[in-house]
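Report on the following structure.
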Amino acid sequence: MELLKLNLTEFRKIAKFVYERTGIDLPESKVTLLSNRLRKRLRELKLDSFDAYYALLCDTARCEEELPHFLSAVTTNETYFFRNESLWKFFRSEWIPEIVERKKASKMIRIWSAASSSGEEAYTTVMCLREDLPNFSTWNIRVIASDISQRVLDRAKLGEFNDYSVSKMPEALRKKWFVTTGDKHVLKGELRKLVSFRFHNLRDPFPDANFDLVFLRNVLMYFDTPMKLKVLETVTRALVPGGKLIVGDVNPLRNTPELNAALELDYCGSNVYEKPGLKTAAVGGAVKG
Ligand SMILES: C[S@@+](CC[C@H](N)C(=O)[O-])C[C@H]1O[C@@H](n2cnc3c(N)ncnc32)[C@H](O)[C@@H]1O
């Protein structure tokens, strides 16, 4: 039997819906990818055409229930522990010592892993902090991880990972922080409890603020320029003066004049940006925690 594939008209309607809901910009070259991802959902719902599925999405009474499945189906959730080794070297050898010095009075650190997928980035963060912060138990650590896919958030909360997720991390840390049975690696509760996961669509404002660090890696590339601008405004607002933004291995900001012109952050190298104003804020007493 021939597999159902979106025709161009169906693709355009659904891609427009994806864009309106998520900001994800799907070029026509993604027609096979989108067909493959939605076909499974059609089967589960016993629908026989993409048009029937589109009608369901447009039906306000039924859409709410379908939306979480739809968002999970259309997003790419690739991630793993210690993704981009050089970033984690920077994090451990430069960011942590700097924040220890800066926060030695309040001993409070706040980090947001935006578009966290199944939690590997946020959990790598707390693992490094647990390893490197002197007198760890005296620190107040808050790590929030958010994503638009409820499916990956549910997986993240479980703290169970497959071989692929842990394949690029230091072996000693894998042995220390996971309980492994066959190909299942369960992260120890001591680290799991340091991260809280929540649904958040980067199209929307983020209710929390005063982060010392925001990770925004491997997600901007799915967005067009207006959406990138919106997201950058959101994360910039969420940072404290002196707070850092870390973008992904492919840095989509450096060579886009429109984004560079709008960016209210200073480039520090290696895909790291800093929100200016630390000195002014410190003098004015505005930096707390
Ligand atoms: C490739 S993963 C990146 C995960 C992790 N940051 C990393 O670099 O390993 C991209 C994630 O962005 C999420 N995402 C896509 N559009 C989003 C949006 N509008 N709001 C929030 N998350 C979104 C996807 O669900 C997916 O989990």
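The values are calculated or read from the model by the stated rules, or taken from the named source; none is laboratory data. None of the values given here were measured: they were computed from a predicted structure. When we count neighbours, we look across all protein chains shown, and the Cβ atoms used for this are built from the backbone with ideal geometry, even at glycine. The accessibility values were calculated without ligands, DNA or RNA, using every heavy atom of the protein model including side chains. Shrake-Rupley method; radii C 1.70, N 1.55, O 1.52, S 1.80 Å.
Contact map, the range 46-67: first residue under 19 Å from Lys16 (Cβ atoms), second residue open to solvent by less than 70 Å² (accessible area, probe 1.4 Å) and outside any helix (DSSP H, G or I), Cβ cut-off under 6 Å, separation 6 or more or different chains; pairs are Phe50/Leu6; Tyr53/Leu47. The criterion of at least 2 residues that are within 16 Å of the ligand (Cβ to nearest atom) and of a type outside the set (A, V, I, L, M, F, W, C) is met by the following helices (runs of 4 or more DSSP H) wholly inside the range 96-168: 120-132, 150-158, 163-166. Taken over the range 16-51, the criterion of being open to solvent by 90 Å² or more (accessible area, probe 1.4 Å), of a type in the set (Lys, Arg) and away from the ligand (no atom under 16 Å from the Cβ) is satisfied by Lys40, Arg43, Lys46. Number of residues in the range 52-64 that are open to solvent by 60 Å² or more (accessible area, probe 1.4 Å) and at pLDDT 95 or above equals 1.
Beta carbons closer than 6 Å, at least 6 apart along the sequence or on distinct chains, pair a first residue in the range 181-207 that is farther than 16 Å from Leu129 by Cα and within 16 Å of the ligand (Cβ to nearest atom) with a second that is at pLDDT 95 or above and assigned to a loop (DSSP other than H, G, I, E, B) for Asn201/Ile148; Arg203/Gly23. Return a yes/no flag: does the range 259-268 have any residue that is closer than 24 Å to Ser93 by Cβ, open to solvent by less than 60 Å² (accessible area, probe 1.4 Å) and touching a Lys or Arg at 6+ places or on another chain (Cβ under 7 Å). For the range 259-268, residues closer than 24 Å to Ser93 by Cβ, open to solvent by less than 60 Å² (accessible area, probe 1.4 Å) and touching a Lys or Arg at 6+ places or on another chain (Cβ under 7 Å): present. In the range 75-93, the residue that is nearest to the ligand (Cβ to nearest atom) out of those that are in a helix (DSSP H, G or I) and open to solvent by less than 30 Å² (accessible area, probe 1.4 Å) is Leu87.
Every test in (1) part of a helix (DSSP H, G or I); (2) within 16 Å of the ligand (Cβ to nearest atom) is passed by Cys63 save one, and that test is (2).
Filter the range 208-222 down to the residues that are more than 9 Å from the ligand (Cβ to nearest atom) and more than 21 Å from Ile109 (Cα to Cα) and list them by number. Of everything in the range 208-222, just one residue is more than 9 Å from the ligand (Cβ to nearest atom) and more than 21 Å from Ile109 (Cα to Cα), namely Leu220.
Scanning the range 252-262 turns up no residue that is in the same structural domain as Val100 (by TED's automatic domain parsing), modelled with pLDDT of 95 or more and of a type in the set (D, E, K, R).
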